[in-house]
Amino acid sequence: MFKPLITISLVVAMCALPVVAQPITPRPPDAKPTNAKDKKIAEVGEEAPQFELTDQFGKTHKLEQYKGKIVVLEWFNEKCPYCKGVWESGLVPTLKNELQEKETEVVYLAINSSANRPEEDVLESGAEFLEELESETPMLMDYDGAVGHKFGARTTPHMFIIDAEGVLVYSGAISDDHSLKEGDKAETHVLRVVTQLEAGEEVSPSYVQPWGCSVKYERGGGKGRRGPAGRPGR
Amino acid sequence: MFCLATTTITALLLGIPPPQPNPYFPTHESVSKDTPGHATTEVRTDVGWVGPLQTFNVIVLITPDPEWHVYWKNPGASGMPTEVEITTPDGFVVGQPMFPRPSIFHGEEGVTYGYSSAAAIFIPVTAPAILQDGQLEFEVTTTWLACKKACVMGEKTNTVLLSTNKVYHGPLHRDLQLSRWIEALPRQLDDLEGGASIVTGNTLHITGETEMRPIRFIGVERKGIRFGYSSEIIQNGDSFRLPVPIHVDFSAIKGDKLIVEGILMFGRKSDDPSYVVHLILDSTSNQHEGIGN
């Protein structure tokens, strides 16, 4: 008589345990904490880090070649719905058109530091996305993430603006329209900063917390094969 | 399911009330793997009906799919804040949302703040002075970014109907689910023994008494305010002072008032105490000091 009772009791006890136990604190994803001690990250007000990267057309871009011009860098990953959204909603194309009308020449470059897929896939996929939008924006490949880490790029998109003297004057969000409801009508921090630069005004705010997916930097061991940057035939 | 059935049957035979599913953490049956936006939202209010000038809460319960997470109002190193927009009938005033204590996620991309399980966001709404008897509709749109290894944007509009009474305020609901959600909300810093906050120069000082550890502060970054990392807590018995470096820039905002806001958290569990830190800094004040809470 006691055996079935003991069995039932054990079953009840095992099944009741999750209910009476304390709520489980959500466990963070397994990862090492970020340690930026050894990495010097660019600060607003300082000279922007120099870089030399190749775009999807095989053309090399050096930051120093754009001295005398305002340079807008967008950390880019077309797989991120937020980054994809600012392009497809028309926000970035409209912004680029507005920047072209400025007196000072403005150079707009996308930088792709994604390394969670093979490099060829990052290149082709990003290039196709821009082609479909009929954009010739250079997408600079930063597969090892060296340039991303120098700038401290955290999200896609994360905008950096460098003035004509090569000084980093802005780091942060492209706009405050998190839900992308305003589409191409959204006011952008980029246009605001370029307007302030042209007017000789202080760039303020020079930092607005960036939103979006995290930059998919290369982790230990990397993902996929590295390959030649640039697409043949262009 | 087998466990629940067995336990329930056994409990009934023995005259013991069967265990209830924990409403705080969704069961697998209630969460779809293919949920659009990888999270579900449900909306309710905390009153039976609403009367003139009554303040009640619209409550959005957002539940990420298993292994996914959504973000707090400051997502941290990456992500996007979960936002709620309420379309109300004329005359109703919507207040600032109150988020439950977030979890802290440490990733290679940095530290982020959010929720990997159900989170109830309370949004206070105040009724106008004149109401008619009837029923009104409120439209609640929630937008979020849900992430696992990749991220997905989500948006859902829920409708909630609420009865109105032209004379009497409606009673507060008293149910276990609501009580648990309220418990998860941060309290006012006033409620903490010795709780206070003040900004002097470039430092936000938060004081109080607790024997709990660790003690953490997460700021809500806005234009004109940036928070540094507070590595040092000054402790004397149960009393503590937490200095948080801040950078204040009034030129970055329109107007002369800046809000310094964040959450003070004790312990590590989602039901450990947390407190709202909220101060208003006035640029016209000589010392740029604000005293809050």
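The values are calculated or read from the model by the stated rules, or taken from the named source; none is laboratory data. Not measured: the values here are computed from a predicted model. Don't worry about glycine lacking a Cβ; one is built from the backbone with ideal geometry, like all the others, and counts go over all protein chains shown.
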Which is under 29 Å from A:Pro210 (Cα atoms) and either assigned by TED's automatic domain parsing to the domain that holds B:Ser78 or of a type in the set (A, V, I, L, M) (or both), of B:Leu192, B:Leu178, B:Leu264? B:Leu264
Tally of residues being within 14 Å of chain A (Cβ to nearest Cβ) and without any contact (Cβ under 8 Å) to a residue 40 or more places away in the chain across the range B:112-150: 2
Within the range B:65-103, the residues that are touching a Phe, Trp or Tyr at 6+ places or on another chain (Cβ under 6 Å), facing chain A (nearest Cβ under 9 Å) and among the hydrophobic types (A, V, I, L, M, F, W, C) are B:Met80
Would you check which residues across the range A:18-69 are at pLDDT below 50 and not in a loop (DSSP other than H, G, I, E, B) and list them? A:Pro18, A:Val19, A:Val20
Single condition A:Thr60 does not satisfy, out of (1) out of contact with any strand residue (DSSP E or B) (no Cβ under 6 Å at 6 or more places or on another chain); (2) of a type outside the set (Lys, Arg); (3) surrounded by fewer than 21 Cβ atoms within 10 Å (Cβ to Cβ): (1)
Could you identify the single residue in B:Glu183, B:Glu193, B:Glu232 that is in contact with an Asp or Glu (Cβ under 7 Å, 6 or more places away or on another chain) and more than 14 Å from chain A (Cβ to nearest Cβ)? B:Glu193
Please verify whether the range A:77-87 includes one or more residues that are buried (at least 18 other Cβ atoms within 10 Å of the Cβ) and more than 14 Å from chain B (Cβ to nearest Cβ). no
Within the group B:Gly201, B:Gly237, B:Gly208, which residue is more than 14 Å from every other protein chain (Cβ to nearest Cβ), at pLDDT 95 or above and more than 30 Å from A:Thr188 (Cα to Cα)? B:Gly208
Between B:Glu67, B:Glu85, which is in a strand (DSSP E or B), among the charged types (D, E, K, R) and surrounded by fewer than 24 Cβ atoms within 10 Å (Cβ to Cβ)? B:Glu85
Working carefully through the options A:Ser206, A:Ser175, find the one that is facing another protein chain (nearest Cβ under 10 Å), under 20 Å from the mean Cα position of the chain (by Cα) and polar (S, T, N, Q). A:Ser206
Output the residues belonging to the range B:238-274 that are among the polar types (S, T, N, Q) and under 16 Å from the mean Cα position of the chain (by Cα). B:Ser270, B:Ser274
